[in-house]
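Reviewing the structure listed below.
The values are calculated or read from the model by the stated rules, or taken from the named source; none is laboratory data. Only a predicted model underlies this, so the values are computations on that prediction, with no experimental measurement involved. As a convention, Cβ positions derive from the backbone with ideal geometry for all residues, glycine included, and neighbour counts pool all protein chains shown. The protein model used for the area step is the full one, side chains on, heavy atoms only, and it has no ligands, DNA or RNA in it. Shrake-Rupley method; radii C 1.70, N 1.55, O 1.52, S 1.80 Å.
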Amino acid sequence: MSSSTTPKIAVIGSGPAGCYLAQSLLRAVPGCELTVFDRLASPFGLVRYGVAADHQHTKAITRQFDRLFQHEAVRFAGGIEVGRDVSLAQLRELFDAVVIATGLTADRELGIPGAELPGVIGAGAITRALNAHPDAAAPLPELGSDVVVIGGGNVALDVLRFLVKDRAAYEGSDVADEALDAYLAAPAERVTLVSRSAAPDSKGDPQMLKELAALPRAVYTSPDPVEGGAGSQLDRAAAGRVAAIREMIAPDRPRGDGPEVTLRFGLTPLRVLGEHRAEGVEFASGDEVVVVPASSVVTAIGFAAHPDHAFAALTAAGAETGRVEPGLYRTGWAKRGPRGAIPENRACAKAVSDEIVADLADGSLSASPSTLGFDGLAAEVRDRAIGYEQWLRLDEHERSLAASDRVRRKLPDHDRMIDIARGA
Ligand SMILES: Cc1cc2nc3c(=O)[nH]c(=O)nc-3n(C[C@H](O)[C@H](O)[C@H](O)COP(=O)(O)OP(=O)(O)OC[C@H]3O[C@@H](n4cnc5c(N)ncnc54)[C@H](O)[C@@H]3O)c2cc1C
């Protein structure tokens, strides 16, 4: 394919969705040129900054994405925020197609009275602090002795695991030790995890519950029925959940010295109690009202577009298609909303790549000889972009800083990340 007919495609976001999309396009559109932008100097989105630090086996997916960035047709352009450093309109002029893969960063709001009180904390603030996200320059929020976690999905279970683990359990991780130490200096004494759904229908993966069952420190109980209703047929996941929860609350399970964890199912949050700070949460349980005292309330009920995000209006609509219009597409959480683990983004990206291929085939999208791609960006932007080789330098630096029981020590300061990447 000559350069005049080479489609130049910009992908905004280097999380799993952006990486899978670039992989699919490389296969489906031979000769295309891809630029993957990210506002951060590091690639991989939530794999680096969401996936829990003690789940290194999940973070290992980045090795597959490394191979993507080694491809000569793919450029990483880190440290460039679309909407601030360059506009979406500019990218659309310079590239034949633009794909939004910016994920969703804001914690979904609880939307009940009292939710705005200090002490009500989005799970994202905790997972970002534990992952040394440069946006979370603030230290880990203080949690106190009685933590209520609202949510029953995998992020809620990540938070619960963090609350019940001790320092030794982070061996081989890349946890931000400052955040971990701040918590372990005054760990929770009691944790209540509250799911709106009944136990079999709660959202967490059975595997994640089994992992919690195997942790030696926590003591789990549940006053709510854990089985399905009489005669109910449980599918495989629900049966796995019930089995794992039963294992957690088994009376003969050895008693640890960690927090006492109460698992609650089928409770709907009504309001957060407290005058100047969260002091408890009121829930509806059938016709009854249940009050759970709290020194802090962690909400893990999903994510949403940040209202200030440049493409908030284009994302998270749960759209059927990736195509916004020929030449502009979206994939990953930005397309589907905050649902699905890393592998689901692969199928999503493949479907969006197919849409792009179809648009190229029917002529609604074409490679224009006048699009300049990355080379058309202002020199100032091109010079600032962190390339893949520069990221590797930062990657190496972070690994070299790791203590002997850690695999990496992430730099939490974005300017410093950029300096190291540039070899300063
Ligand atoms: C706390 C947490 C833990 C999770 N743990 C797991 C797990 O253990 N296993 C699992 O399979 N899944 C897990 N997931 C789900 C998984 O992370 C998502 O499915 C996946 O990351 C979504 O991919 P994405 O590319 O759409 O978004 P993201 O991963 O969020 O990537 C979006 C990228 O876009 C960049 N970006 C945003 N705005 C701009 C802009 N304006 N300009 C340039 N770049 C921009 C961001 O910096 C980011 O790199 C977890 C999710 C969370 C929130």
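Restricting to segment 348-357, and then to whatever is hydrophobic (A, V, I, L, M, F, W, C) and under 14 Å from Ala101 (Cα atoms), can you tell me which residue is farthest from the ligand (Cβ to nearest atom)? Going through the qualifying residues, I end up with Ala351.
When restricted to residues that are crowded, with 20+ Cβ neighbours inside 10 Å, of a type outside the set (Phe, Trp, Tyr) and over 24 Å from Asn131 (Cβ atoms), segment 199-237 contains 3. Restricting segment 142-186 to residues that are surrounded by fewer than 19 Cβ atoms within 10 Å (Cβ to Cβ) and aliphatic (A, V, I, L, M), the residue that is nearest to the ligand (Cβ to nearest atom) is Ala169.
Identify all residues within segment 1-41 that are more than 14 Å from the ligand (Cβ to nearest atom) and either more than 20 Å from Ser368 (Cα to Cα) or in contact with a strand residue (DSSP E or B) (Cβ under 9 Å, 6 or more places away or on another chain) (or both); write none if there are none. Within segment 1-41, Ser3, Thr6, Pro7, Lys8, Ile9, Leu25, Leu26, Arg27, Val29, Cys32, Glu33, Leu34 qualify.
Being in contact (Cβ under 8 Å) with a residue 12 or more places away in the chain, touching a Gly at 6+ places or on another chain (Cβ under 9 Å) and not basic (Lys, Arg) holds for only one residue in Gln70, Gln56, and it is Gln56.
Within segment 319-345, the only residue that satisfies the criterion of being closer than 20 Å to Ala89 by Cβ and in a helix (DSSP H, G or I) is Ala334. With respect to the conditions (1) under 25 Å from Asp66 (Cβ atoms); (2) part of a loop (DSSP other than H, G, I, E, B); (3) at pLDDT 95 or above, Cys348 lacks only one, and its number is (2). For segment 43-54, a tally of residues being open to solvent by 20 Å² or more (accessible area, probe 1.4 Å) and either more than 6 Å from the ligand (Cβ to nearest atom) or not small (Gly, Ala, Ser) (or both) returns 3.
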